[in-house]
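The values are calculated or read from the model by the stated rules, or taken from the named source; none is laboratory data. What you see is a predicted model; the values in this text were computed from it and never measured. For neighbour counting, all protein chains shown are included, and Cβ atoms are generated from backbone atoms with ideal geometry for every residue, glycine included. With ligands, DNA and RNA removed, areas are computed over all heavy atoms of the protein, side chains included. Shrake-Rupley method; radii C 1.70, N 1.55, O 1.52, S 1.80 Å.
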Amino acid sequence: MAQILAPTTQWQMRITKNSMTPSLVTTKTWSSLLLKQKKSGNTKSLSKFRVYALKSENNTINRLENLLNLDITPYTDKIIAEYIWIGGSGIDLRSKSRTIPRPVEHPSELPKWNYDGSSTGQAPGEDSEVILYPQAIFKDPFRGGNNILVICDTYTPAGEPIPTNKRARAAEIFSNQKVINEVPWYGIEQEYTLMQTNVQWPLGWPVGGYPGPQGPYYCGVGADKSFGRDISDAHYKACLYAGINISGTNGEVMPGQWEYQVGPSVGIEAGDHIWCSRYLLERITEQAGVVLTLDPKPIEGDWNGAGCHTNYSTKSMREEGGFEVIKKAILNLSLRHKEHISAYGEGNERRLTGKHETASITTFSWGVANRGCSIRVGRATEKQGKGYLEDRRPASNMDPYVVTSLLAETTILWEPTLEAEALAAQKLSLKV
């Protein structure tokens with residue numbers, strides 16, 4: 001009754017009772033296809049299957065579902081490794097798959113690989129080979145079993161980091177003994193917006209129109225307030241399965257916008273986990289037929305933008321007397337405000353306007369429990385005299401390797417002149 005077809009649009013078909021003429025159907029109308037391996041022959045073989053098409057209540061069939069969910073573990077020791085890297089824009093993700101002979105536990109067990117950098121905007125055509133160095137491993141929630149996702153960074157054949165490889169520089173900073181001794185913790189709040197396919201308009205919004213004003217959507221419940229919850233929940237579980245240190249999620253102020261939090265993570269791990277979580281989100285929205293955007297201000301006007309607030313602390317900040325260390329860090333951050341802003345994401349000037357829970361991009365500020373400041377300190381931190389600070393400046397499309405390493409560099413390694421420090425302290429009304 002059925003056969004496996006080539007991966008074209010023709011594999012989505014409806015078969016009616018009175019006709020064998022196929023017609024296209026949507027993803028929601030797919031049902032399952034039962035695949036049974038022949039009992040005879042080598043049990044290790046993956047090449048022989050009987051294919052049964054089962055009619056569901058709506059008379060549809062799905063020829064791919066069970067193959068996609070097929071567990072190959074009983075039949076081979078080989079695994080599939082999805083090598084993931086950052087593309088030429090510095091924000092786009094690329095990936096490709098390869099077979100590995102056996103399960104692995106550490107990226108050092110994986111081979112380096114290469115790709116055509118001229119097709120990603122990362123190398124010229126006449127010398128296009130870019131080398132992938134495996135750096136972090138996560139479980140693959142899409143393929144299951146022993147299959148893995150591999151976060152890689154990118155190098156020339158001579159072993160030099162290419163310009164879009166921000167991980168290499170971050171690794172240098174985090175390997176500095178002063179930084180290691182301070183055990184920097186990060187908690188990153190990744191905001192994102194879900195868009196309707198083809199129209200570039202937020203999910204749940206009337207095409208060409210607007211929903212009601214902001215207010216009921218933040219952490220809202222109900223079909224008229226929450227748009228994309230299934231995507232958020234699917235991503236949450238996928239992150240937990242993969243081993244990403246995701247700590248929570250919530251609907252955001254603008255309808256169609258969501259947030260999830262990753263951390264606390266130590267050092268370079270924070271960047272690896274955020275990039276892998278973004279990859280999972282891209283794949284899940286791809287399957288859902290929804291477009292993901294990390295644009296910091298996807299809709300102009302009286303709508304909140306999307307940020308990537310970064311909570312940060314060092315060992316000294318978390319110990320007794322840590323609030324004084326936090327204030328010293330705030331001084332350093334104020335003196336390098338321009339350097340941080342330039343590294344905190346493209347298009348951030350459209351978001352950091354001094355409105356919608358942001359500070360002005362041109363002016364550094366700090367405050368306790370003030371969400372309109374560049375740096376926010378929590379009430380509990382002030383009361384306990386130790387804790388962490390929140391840098392509210394990073395945009396949703398920031399590179400976590402850049403932001404996390406720059407925070408460590410500015411607050412641990414960089415020392416301003418005494419004169420500059422005194423002037424900044426006076427300006428910010430800080431007694432250090």
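Couple of notes before you dig in:
- Among 105-118, 153-166, the order from most to least packed when residues are scored by Cβ within 10 Å on average: 153-166, 105-118
- Taken over the chain, the ratio of Cα radius of gyration to 2.2 N^0.38 Å equals 1.12.
- Summarising the strand pairing of the chain, around 90 percent of its internal DSSP beta bridges are antiparallel.
- Pairwise Cα distances in segment 320-432 exceed 17 Å in 54 percent of cases.
- Springs join every pair of Cα atoms under 10 Å in this Gaussian network model of the chain, and among S277, S396, S316 the largest mean-square fluctuation is at S316.
- Rotationally averaged projected area of segment 197-260 (alpha carbon convex hull; nm²): 4.8 nm²
- At the residue level, S342 shows approximately 90 square angstrom of accessible surface with a 1.4 angstrom probe and all protein chains present.
- On the basis of the beta-carbon distance and an R0 of 25 Å, E172 and E324 show a calculated FRET efficiency of 0.30.
- 3J(HN,Hα) along segment 185-193: 9, 10, x, 10, 9, 8, 8, 8, 10 Hz, from the Karplus curve 6.51 cos²θ - 1.76 cosθ + 1.60 with θ = phi - 60°, whole Hz, x for Gly and Pro.
- Average Cα contact separation per residue, the chain, under 8 Å, 6 or more apart, as relative contact order %: 12 percent
- The residues of segment 74-171 expose on average 48 square angstrom of accessible surface per residue, using a 1.4 Å probe on protein heavy atoms.
- Restraint check, K178/K427; K328/K383; K178/K328; K178/K383; K338/K427, Cα-Cα greater than 21 Å: K178/K427; K178/K383
- Gain on full stretching of the segment that runs from E65 to L93 - 0.36 nm per residue minus C-alpha separation: 7.6 nm
- Take segment 252-372 with all the other protein chains still there, run a 1.4 Å probe, and you get 36 Å² of accessible area per residue.
- Accessible heavy-atom area order of H309, H356, highest first, probe of 1.4 Å: H356, H309
- Karplus-derived HN-Hα couplings along segment 86-100 (A = 6.51, B = -1.76, C = 1.60, θ = phi - 60°), whole Hz, x at Gly and Pro: 8, x, x, 6, x, 10, 7, 10, 10, 7, 8, 10, 8, 8, 10
- The 3J(HN,Hα) values that the Karplus relation (6.51, -1.76, 1.60; θ = phi - 60°) gives for segment 156-172 are, in residue order, 6, x, 7, x, 8, x, 6, x, 7, 7, 8, 5, 4, 5, 4, 4, 4 Hz. Gly and Pro appear as x.
- Taking only protein heavy atoms and a 1.4 Å probe, the accessible area of the chain is 52% carbon and sulfur.
- With one equal scatterer per alpha carbon and no solvent term, the Debye-computed log10 I(q)/I(0) for segment 132-217 at 0.16, 0.23 1/Å reads -0.95, -1.14.
- Among Y236, A223, A158 - extreme Cα towards positive end, dipole of the chain, charges at beta-carbon: A223
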